[in-house]
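The values are calculated or read from the model by the stated rules, or taken from the named source; none is laboratory data. Predicted model only: the values in this text are computed from it and were never measured. For neighbour counting, all protein chains shown are included, and Cβ atoms are generated from backbone atoms with ideal geometry for every residue, glycine included.
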Amino acid sequence: MEPERWQEIERIYHEALEQDASRRAAWVKRAAHGDESLEQEVRSLLEQSDEKGSFLEERALEVAARDMAMSGAPSLPASIGRYRVLRLLGEGGMGAVYEAAQEDPQRVVALKVIRLGMATPERLRRFRQESQALARLQHPGIAQIYESGTADSGFGPQPYFAMELIRGLPLDEYAAAHRLDVRQKVTMIAKICDAVHHAHQRGLIHRDLKPGNILVDEMDQPKILDFGVARVTEADGGAQATMQTGLGQLVGTLAYMSPEQVMGDPAAVDARSDVYSLGIILYELLAGRLPYEISRGRVPEAAQTIREEDPAPLSSIERTYRGDVDTIVRKTLEKDRTRRYASAADLSADIRRYLNDEPIAARPPSAGYQLLKFTRRHRGLTLAISAVFVVLIAGIGASTSQAIRASRAELESRRERDRAVTAEKAATEERDRALRSDQAATEERNRAVSAKAEAFRERNQALSEKRRADDEAATAKAVSDFLRSDLLGQADLNNQAGPNTKPDPDLTVRKAMDRAAAGVSRKFEHQPLVEAAIRQTIGNAYLDMGLYPQALEQLERTVAIRRQTLGEDHPDTLQSMNNMSVLYLQQGEAPRAEPLFEHILEVRRRILGEENPDTLISMNNLAAVYRTEGKYAQAEPLVVKSLAIKRRVLGEIHHSTAMAWNNLAAVYRLEGRLAEAEPLQLKAVEVWRAVNGDEGPETLTSMNGLAMLYQAERRYAEAEAVWTKVLEVQRRILGPKHPNTLDVMASLGEVEIQQQKYAPAEPLVREALVSWEAAPNSWRRYYGQALVGASLLGQERYAEAEPLLLSGYQGLLDRQSAIPAATRRSVSEAGMRIVQLYEDWGQPEKAREWEEKVRGK
Amino acid sequence: MERGDHITQLLRSWSQGDQAAMEELMPLVFDELHRVARRYMSGERPGHTLQTTALVNETYLRLVNSDGPNWEGRTHFFGVCAQMMRRILVDWTRSRQALKRGGEARVLDLDSEALAAVNQPGMDLVALDDALNALSVIDARKGRVVELRFFGGLSVKETADVLGISPETVQRDWKMAKSWLRRELNGARPRGA
C-alpha cells in the first residue's frame, strides 16, 4: 500500500472517530470524495474499532497463561529417562511432577523434574552427588526417593527424582476432609516430627516444610515429600536462591520459613529451622490461619514480619488452646532458635506429654500449671468445678506473679529445692536400708545405727536447705497444694466420705470456696504472703462468679497483708489493690476507687513506664472511674492516650486495643457525641469478636455498649435486638443471677418499655428486681422497682404501680451519688413516671404537685 | 556472575542474533508463564490479578537486578524484552497447537469456579503474530506499538519513551492498530484493500 494512501486512511479514520457514531458513515462518505475503495477501507476499520472492548487489553503473557491453565500442561513428554510418563500430577515454579511407569522394577513412581535455571556442569555434579544421599533415607513418614538422574530434554540436561508415589491429600486438606479434632491434629504433627527427626539425624534438613509437602495416605500415615530436595536444587544454598525461583512460589513458601531462613544465611539454617516450620504448620492446622499476616508478593515486608513480629497467641484465636497447646506452639515459633525445641524429637515428645496429660517440658511447671494438669487427670470432677478452676488458675497467675515469671532466681531455687528433695529421699532410703539391716543382723547394728544417725542428720540438713528455697516458689506451691486439697479435695466424693462426714453430692463450687476461704487464716498463720496469694485467688474467683461482697472481703485482706509485708509500691500490692478498686467501682463506690487507681497509675508510670501493659490497664481503669463519676474531661485524655499507645504497641487487632476503643466510645456516648462514638463502638465489637469469639466476655461488654449507644440514639429496636442476644448468652454462660446478666435484663426491659412493650417487659424487670431485692442498700434495687412500676403503669395497673414508683424514685434520689453517670438519668425518669401515673389515673392535682417536686430537684 | 547481570548479557547476545541465548532465557519466561497460569488455576479472577503491565514489569525487574548496570538504557531493554516475550509466547502457542492436533489429553482438574474464571473467548497468539507481521509491513511503527504494549506489557507512557514519540501518538497508533488487527483476525478485510 502506498504510504500516502495509508496516511489518508488513517486521517479519515481518526477524524471519523471524533464524530457521533450515527453520523460517521455519512462523514466518511463525504471525506472519501467518491473513492469507494477508500470509503470501504475506513468503514471496515471503524466497524472493528472497539473503544470499550477488551481486544488486546489483556496482555500476551496472560493470554498464554490462561491458555495453559485451560488446557492443562504445556506439553507432556512421552518419557523421561527410563520412565514412561503417564500423566502430569502437578506443576510448580521448581518443575513438574509426573506420574510415570518404571519397567524394572515394575512400579509406578512420582517423577519430579527439576528446573535448575541455568544448569551449569558444576551444579549438575552437585545435584548428582547430593541426591544420592537422599536415596538412602528410609522412613515410613518420608516419601522414599528411589533414584535421581538427568535426562536430556530440549533445553539441555534435566535433573529428575523418581520417588514413591503417594496417593493422599495434602495435610491441610486431609485435616479438613476428615474433620480432625485437636488431638488428632497434634497426633499427626507428632508423627511428622518423628519422620523429620529421622532425617535430621542423618544430616538432612528439609528447609521447605509446608502442608503441601506433606501428604496423608489412606492409612492415615503422613508422608513428607521432597526431603533434602530444597538443598540439592538450590543453586547456592540458602534462601537467596529460593528467593529467585519465583516470587509467587516464594510467598507461599515464605510463610513457613524461619527467621534465620528469611535472613538468607545458609549457615544459620539447621534442624531448628524445620522445627519452626513444623510450628507454623501446627499453628495453621489448629487456628485455621497463619500466625502472621503475610501480604502477597511483598517479600521484604513479609521477611520483616517473620523476623520481628510476634505471632498472635493461638489462644487469642481460639480460647480452648489456652495452656499447653499454646505453650508448645509458642516455644516452637521462638524467633531465637536457641529458645526453640532443640529437635523435632523434643517437640514430638512434648506433644505426647500433652496428649497423656502429663506436664510438658516447654516451661517449668508452675503451681497453677500443675494444678491445671491435676484437673485434667481427674476428669471426674464436676464441670462447674473445672470452670471455676480456670478462673482460679488465672488468679494464681496474677497473685504469684513474681514466682511464676520464670526468673533465674526462681529456677535456681527450684533446682536447689529439687536437690534438697533428692537428698531427703536418699537419706530416707538409706535409713530404711539401715533399719532393715538393723533387724537382720546384730553385728551390723552399730553400723546401722550410725548410718541411721547419719541419715537423720542428712535429712535435717536437706530440710533446712529446703526451707531456704525461694519463698515465692514455695508460695506458689502452697497455693496449689491448698487449692488441691482444700478445694478440689472437697469435690472428690471419695475424699468427702471420711469417717465422720457424709458425702455431699450437691456440693456447690460456692460452698467449697466458702469452706476453703474460712480455713485460710488458721492454716497460714505464719505465712502471710501465702495467705495473701490464696485470698487473692479466691477473691478473683468470687469476682468472676459475681459474688462481689465475698470477693471484696478477700481482696481487702489481701491488700492489707501485702501493704504490710511488701510495702505500698510492690507490684503484687498494686495488683491486688487494683482488683480491690475494680470491686469498689462495681459496688458503686467510685469515690473510694479513685484515689487508689490514681496511686497505682502513678507508681506504675514511674516504675514500669508509660507503655507497660500494666500501666495501660491502670490508665484504662482510672478513666473508667472518672467516667462513672461523670468526669468526662478527665477521662477522655486518658483513654485517647492509652488508645494511641495500644494501637502503636499492640496493633489494631488486639483485645486490649479494643478495650480502649470501647472505652473511648463510652466516653463519647456519655458526652452526647453519639456520631463519633458509633464507629469506635463497632470497631470494638468487631475486634473482640475476632479475638475472643461471639460469646467472649469482652465481646458481650462491647455489644452492651453498642446497645446503650443505640438506646441513646433512640434506635430502640436495634438496641433491643443487641440486648436480646447478649442476654441469651449471659443467661447461658454466667447464669441468670449474675450481676451482669441482671443489668442487661433490666436494660432490655427498659428499652421494651421505651417502645411501649409493657407486658413483655414486666417479667424481665421483675426477674432482675427479685435478685436485687437481696441487696437492700443498692441503688439497683430502686432502679428495678422504678422499672417494674413503669411496666405496670403502661398496662394501666395504677394501684400496683404507685408504691413501686414512689419507693423507687425515693430510693434512687437518696443514692444518686452511687449511680453511674450513664444511668443517672433514671432518677428524673422515675420522677416523671410518677407525674404521668397521677395524670393517667385522673388525679391532676397530685400530678402537678409531683411535677413541681421532680423539676425542683 | 550475578544472575541479573547474566540475564542482561543473554538479552544482549540474543538481540545481536545469538539463538543459544534465547534457549537459556526461555525457561525464565516459562517460569513466569506457569506462575500466571497457576493463578488462573487457583481460581483467581482476572479482575483480581495484578495488572499485566505490573506483572510483566515485575518479571523484568526480577530478571534483572534493578541496581545492576543499566544496559543501553531502560527503554532499549524493555524493547528487547517485548520482542523476546513475543517470540517465546508465539512459539510456545504454535507448538501447543501442533500437540493439540495430535490429541493431547487434558490433565489438570480445575474446579468449576476456576473454570468459569478462565472460560473466556480465547485469543490465538499465532494468528495475531501473523496479522502483526502484516501490519508491520504497512506501518512498522504501529507494529512496534502493539509489540511493546501487548507482548511487552508496557504502558502508553513507557511505549512512548521506547519509541521516542508522544503518548498521544501512541494512543492513536494503538487504537488504529487494534482496529486493523481485529479486522484481520475476523477475516473482514475488504477485497482488494
Original post:
Which residue, of A:Glu173, A:Glu164, is under 30 Å from A:Asp104 (Cβ atoms) and among the acidic types (Asp, Glu)?
Top reply: A:Glu164
**OP:** Spot the failing condition for A:Tyr341; the list is (1) touching a helix residue (DSSP H, G or I) at 6+ places or on another chain (Cβ under 8 Å); (2) buried (at least 16 other Cβ atoms within 10 Å of the Cβ); (3) of a type outside the set (Asp, Glu); (4) assigned by TED's automatic domain parsing to the domain that holds A:Asp172, and only one is missed.
**Re:** (4)
Original post:
Any idea which of A:Ala302, A:Ala268 is more than 24 Å from A:Pro222 (Cβ to Cβ), buried (at least 19 other Cβ atoms within 10 Å of the Cβ) and modelled with pLDDT under 85?
Top reply: A:Ala302
**OP:** Just need a number here: residues in the range A:647-667 that are closer than 16 Å to A:Thr701 by Cβ and in a helix (DSSP H, G or I).
**Re:** 13
Original post:
In the range A:531-545, is there at least one residue being surrounded by fewer than 24 Cβ atoms within 10 Å (Cβ to Cβ), at pLDDT 80 or above and within 30 Å of A:Ala666 (Cα to Cα)?
Top reply: no
Subject >> Options A:Ala684, A:Ala635; residue that is free of Cβ contacts under 8 Å to residues at least 40 places away in the same chain, assigned to a helix (DSSP H, G or I) and under 15 Å from A:Ala822 (Cα atoms) >> reply: A:Ala635
Original post:
So which residues in the range A:278-299 are at pLDDT below 80 and either within 11 Å of A:Tyr256 (Cβ to Cβ) or in contact with a strand residue (DSSP E or B) (Cβ under 6 Å, 6 or more places away or on another chain) (or both)?
Top reply: A:Ile294
**OP:** Six or more apart or on different chains, Cβ under 8 Å: which pairs go from a residue in the range A:186-203 that's outside the structural domain of A:Asp270 (by TED's automatic domain parsing) to one that's charged (D, E, K, R) and not in a helix (DSSP H, G or I)? Could you list them?
**Re:** none
Subject >> Residues (facing chain A (nearest Cβ under 9 Å) and within 17 Å of A:Glu62 (Cβ to Cβ)) located in the range B:125-146 >> reply: B:Leu125, B:Leu128, B:Val146
Subject >> Subset of the range B:106-156 (residues that are among the polar types (S, T, N, Q) and at pLDDT below 50) >> reply: B:Ser112, B:Asn119, B:Gln120
Subject >> Pair list, Cβ under 6 Å, 6 or more apart: the range A:33-45 residue under 17 Å from B:Ala177 (Cα atoms), other residue buried (at least 18 other Cβ atoms within 10 Å of the Cβ) and among the β-branched types (Val, Ile, Thr) >> reply: A:Glu41/A:Ile9; A:Val42/A:Ile9; A:Val42/A:Ile12; A:Val42/A:Val28; A:Arg43/A:Val28
**OP:** Output the residues belonging to the range A:337-364 that are of a type in the set (A, V, I, L, M), in contact (Cβ under 8 Å) with a residue 40 or more places away in the chain and in contact with a Ser or Thr (Cβ under 9 Å, 6 or more places away or on another chain).
**Re:** A:Leu347, A:Ile351, A:Leu355
Original post:
Here are some conditions: (1) among the hydrophobic types (A, V, I, L, M, F, W, C); (2) closer than 21 Å to A:Leu17 by Cα; (3) assigned to a helix (DSSP H, G or I). B:Ala188 meets all but one. Which one does it not meet?
Top reply: (3)
Subject >> Given (1) touching a helix residue (DSSP H, G or I) at 6+ places or on another chain (Cβ under 6 Å); (2) part of a helix (DSSP H, G or I); (3) in contact (Cβ under 8 Å) with a residue 12 or more places away in the chain, number of the condition A:Glu718 does not satisfy >> reply: (3)
Original post:
So, of the residues in the range A:6-17 that are within 16 Å of B:Asp139 (Cα to Cα) and more than 10 Å from chain B (Cβ to nearest Cβ), which turns out to be farthest from the chain's Cα centre (by Cα)?
Top reply: A:Glu8
**OP:** Would you check which residues across the range A:602-613 are free of Cβ contacts under 8 Å to residues at least 24 places away in the same chain and within 27 Å of the chain's Cα centre (by Cα) and list them?
**Re:** A:Leu608, A:Gly609, A:Asn612
Original post:
Mind checking which residues of the range B:149-180 are within 11 Å of chain A (Cβ to nearest Cβ), among the hydrophobic types (A, V, I, L, M, F, W, C) and part of a helix (DSSP H, G or I)?
Top reply: B:Phe150, B:Phe151, B:Trp174, B:Met176, B:Ala177, B:Trp180
